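The values are calculated or read from the model by the stated rules, or taken from the named source; none is laboratory data. This structure is a prediction, so every number in the text was calculated from the model and none was measured. Please note: Cβ atoms are built from the backbone with ideal geometry, for glycine as well, and neighbour counts cover all protein chains shown.
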Amino acid sequence: MKTVQTSPSAPELKRRRTVSTLFSNVASPDKRVLQHHSLPTEIWSLICALLNQHDLTRLARVSSTLLHISRPFLYRNVVLRNDSPSLEYQAAAVRQYASSVLRLTLFTSAWMPRVFNTPEPTTFVDYVLMSELPRLREVVLIGTPFTVEQEQINFVSFLRRLAPQCKSFTYVPHYLTYFPSLNLPIDGLESLSWYTYVAKSPQPQAISLLAASAQTLTSISFPNCPGFAYSMPEFSQDTWGLLFSMRFPRLTSFSLGLMYAQPTLERSQDTTTLLTQFLKDHTSIQDLTLGCSLQFPGLYEGLSGVGDLIQQDFLPNLRSLESHPANITIMLNQNVKSLQSLNKLTILYYCETSDAPLESLFAVMRGSAGFPDVERLSIRFTGDVKFMGVHQITMFECVRRLGACCPSVRSFSGYLGLFVSPTELSETLQYFRLLETIELPWTMLKGNQGVFTPHEDFLPITTACPALSTIIINTPASNHSKFSFERYPDGYLSCIKVSPRS
């Protein structure tokens, strides 16, 4: 019996060619790698320059070629620990890629107590190595690598003589480390971030550094870190007044955590007035953060609403504000004009037995011009779990009212308490008609034990916010998930998951 072979029709041939084109790269792993490697090295270098450390590490594992290209970029941020068994090997690797290092972190574990008749430990900082880093821009000290005063003096001298291009300095304390000298006069810095224990005031070393770099600093940050250091002698004086008496002519960013975290620490001076006068004299500030305590209820760092310290021209160049309701209420009451030019607004609030601070903010917002230019809005509610559930309705109401006062919001992030259903979320955010991006924690959407289903959970919010294109879900493991949406003319909505995200 003769078999008759029929030629495929034209539509069938077209379909086969289309399918073949779509899946040729997927079906041939070797070809896919070849296409990646066909890009010039210069193009890959441009790509690597835009990637973070996590993505660079993943890229370097693809092939030996990409490892060779990406390795210099992996050394932009170097961390050296004094207790690392491979410290010598790490230092040798840093020397090999010295021209790539932009940020150097020196992590010092707590020095062991000195024993009688044993030699004193010496610093592990290799100044010869540091002098070989021609592009070093930032130095971070975690703990202190200095055991005697002369080592600290040598470090300051080194930074100014051999690393004049270093413009950023960060200090993070931990339990058993300390500075052997009260002076740390590093000059020429543009950025300072000094983490403080929940203690009475900044360390004298920070004051010394601020004084030395007063004419060049553009960014000053005093975040809080956990721990207590009341027994240290350098914490015996209240230095906030000294800090607020300084002036920084180029300052554009100022961030302040909690100055007095315990009721037992009485303020020795009117720091509220001093802080407000300090801000009033720094008209160039564009980014301002006045944090509240997330560990202790009712303790905030506030502005002074007394007298005429705050007027309409207060902080005329302000573009980003992060603070608690009380400070925002004071500025609205004084008709501060720069609030109408804010691009980013973050509200911090510790839920207590009373919602009085939020209610005061609502009352003032009703008669104000609001925040018409804010495009990035973040709300962070925190507090005791037993209060979070009680105040959740107030949290939703806060977001809704902000929707009326912030008509230009395109990005929203925050934490609105415990489990929030998709319907509640959509009803809360529906007032932000231009919203394009949402960033939320996993536990807020489904609880710790919940099961997340993108299509079911996202449908209400994507319907309520017609411009929404991206949802980012933050997870404890830091491998955050990013969901991108594409809307088609026929009304169909597709969801694409991109994970992890650093």
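Scanning region 354-371 for residues being acidic (Asp, Glu) and in contact (Cβ under 8 Å) with a residue 12 or more places away in the chain gives a total of 1.
Take the conditions buried (at least 19 other Cβ atoms within 10 Å of the Cβ) and either at pLDDT below 90 or of a type in the set (Val, Ile, Thr) (or both) and apply them to PRO180. Does it pass? No; evaluated as a whole, the condition is false for this residue. Looking across GLU486, GLU436, one residue alone is among the acidic types (Asp, Glu), farther than 19 Å from GLY414 by Cα, at pLDDT 65 or above and not assigned by TED's automatic domain parsing to the domain that holds LEU377. It is GLU486. Count of region 156-174 residues, restricted to those that are among the aliphatic types (A, V, I, L, M) and surrounded by 18 or more Cβ atoms within 10 Å (Cβ to Cβ), is 3.
Taking every residue in region 337-349 that is in contact (Cβ under 8 Å) with a residue 24 or more places away in the chain and on the phi < 0 side of the Ramachandran plot and pairing it with any residue that is among the basic types (Lys, Arg) and part of a loop (DSSP other than H, G, I, E, B), at least 6 positions away or on another chain, the pairs with Cβ-Cβ distances below 9 Å are SER338/ARG319; SER341/ARG319; LEU342/ARG319; ASN343/ARG319; LYS344/ARG319. Could you say which residue among LEU358, LEU345 is outside any strand (DSSP E or B), hydrophobic (A, V, I, L, M, F, W, C) and in the same structural domain as ASP308 (by TED's automatic domain parsing)? Within the list LEU358, LEU345, the selection yields LEU358.
Once region 39-65 is narrowed to residues that are part of a helix (DSSP H, G or I) and either touching a strand residue (DSSP E or B) at 6+ places or on another chain (Cβ under 7 Å) or among the basic types (Lys, Arg) (or both), the residue that is modelled with the highest pLDDT is ARG58. Being at pLDDT 85 or above and in contact with a helix residue (DSSP H, G or I) (Cβ under 6 Å, 6 or more places away or on another chain) is the filter here, so list the residues in region 301-323 that pass it. Within region 301-323, LEU303, LEU309, GLN312, LEU315, PRO316, LEU318 meet the criteria.
None of LEU192, LEU217 is part of a strand (DSSP E or B), crowded, with 19+ Cβ neighbours inside 10 Å and modelled with pLDDT of 90 or more except LEU192. Of the residues examined, SER99 is one that is of a type in the set (Ser, Thr, Tyr) and modelled with pLDDT of 90 or more.
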